[in-house]
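Have a look at the structure below before the remarks.
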Amino acid sequence: MRVLRTITTPRAIGFGFAFASAGLLVIACSERGRLVEPDAASPPGPAAASQLDPEPSHLQHAAVTGHEEELAQVREVTARFHRVEAAVDAGYELGYVNGSGVRIITGCVAHPTAGGMGYHYFNKELIDDLVVDPFKPEGLVYAPGPDGDLQLAAVEYVVPGLGSNPPGVAAPPKVFGLDMVILVPAVGFYTLHAWVWRHNPSGMFAHWNPEVVCP
């Protein structure tokens with residue numbers, strides 16, 4: 001697999017899933033070229049619903065009561081990232097380069113029935129430190145806007161689990177009093193979203209947002 005280093009604002013016309021030789025899930029998208037070009041050993045294929053877990057029940061409409069002040073602080077510390085360029089300047093980049101040197105999670109992520117997330121810009125240093133800090137989110141999630149522009153919608157907390165590459169922690173970390181969950185076992189990240197910049201009818205901490213639609 002050849003990974004292109006230059007990252008620009010995605011203009012996705014679709015996304016697919018491919019399994020690299022290391023067995024990790026790669027989400028690839030088109031954007032004036034390709035960020036990830038699968039080789040013959042990892043042909044792209046359609047996303048199967050079974051590859052994406054539905055919303056964990058404890059995150060559906062989880063109460064924000066008692067966390068309003070923390071969430072306000074999250075908005076304050078991420079307000080400067082409404083422009084993707086500002087996020088890139090701060091060390092975030094589209095997708096994540098795993099222990100095999102493969103860039104994964106580069107496409108607009110969506111569930112067949114539960115809704116979408118958007119494009120994930122990750123800070124690799126924050127992910128690899130295996131520590132979660134509500135005011136230093138590992139990921140910034142940008143949803144496609146009506147004109148195709150990217151709009152900051154959510155933050156994502158990410159801690160690698162034992163099945164990640166490289167491996168991380170064994171027990172699920174907590175943030176905002178909630179257990180983080182492994183949504184995609186093939187990747188193995190413990191994650192939790194907070195939709196601090198876009199309304200989510202499924203709840204502040206739900207992974208999927210029915211109002212987010214990928215191109």
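Measuring from label point to label point, each 7 Å out along Cα→Cβ, what is the residue 171 to residue 147 span in nm?
4.9
Could you sort the peptides 90-103, 72-85 by per-residue average Cβ neighbour count (10 Å cutoff), highest mean leading?
So the peptides 90-103, 72-85, ranked by packing, come out 90-103, 72-85.
So what are the ³J(HN,Hα) numbers for the stretch 180-185, from phi and the Karplus equation (6.51, -1.76, 1.60; θ = phi - 60°), rounded to whole Hz, Gly and Pro as x?
For the stretch 180-185, the Karplus curve yields 6, 10, 8, 7, 10, x Hz.
In nm, to one decimal, how far is the residue 129 label point from the residue 82 one, both placed 7 Å along Cα→Cβ?
Result for the modelled spin labels: 2.7 nm.
Between residue 169 and residues 5 or more places away or on another chain, which pairs have amide H atoms under 5 Å apart, with H built 1.01 Å from N, and which residues are they?
161, 162
Please list 206-212, 166-172, 130-136 highest first by mean number of surrounding beta-carbon atoms within 10 Å per residue.
Going by the mean number of other Cβ atoms within 10 Å, highest first, we get 206-212, 130-136, 166-172.
We did not get these values from a lab; they are worked out from the coordinates using the rules stated. Remember, predicted model here, so these are calculated numbers, not experimental data. Note that we place each Cβ from the backbone using ideal geometry, even for glycine, and neighbour counts take in every protein chain shown.
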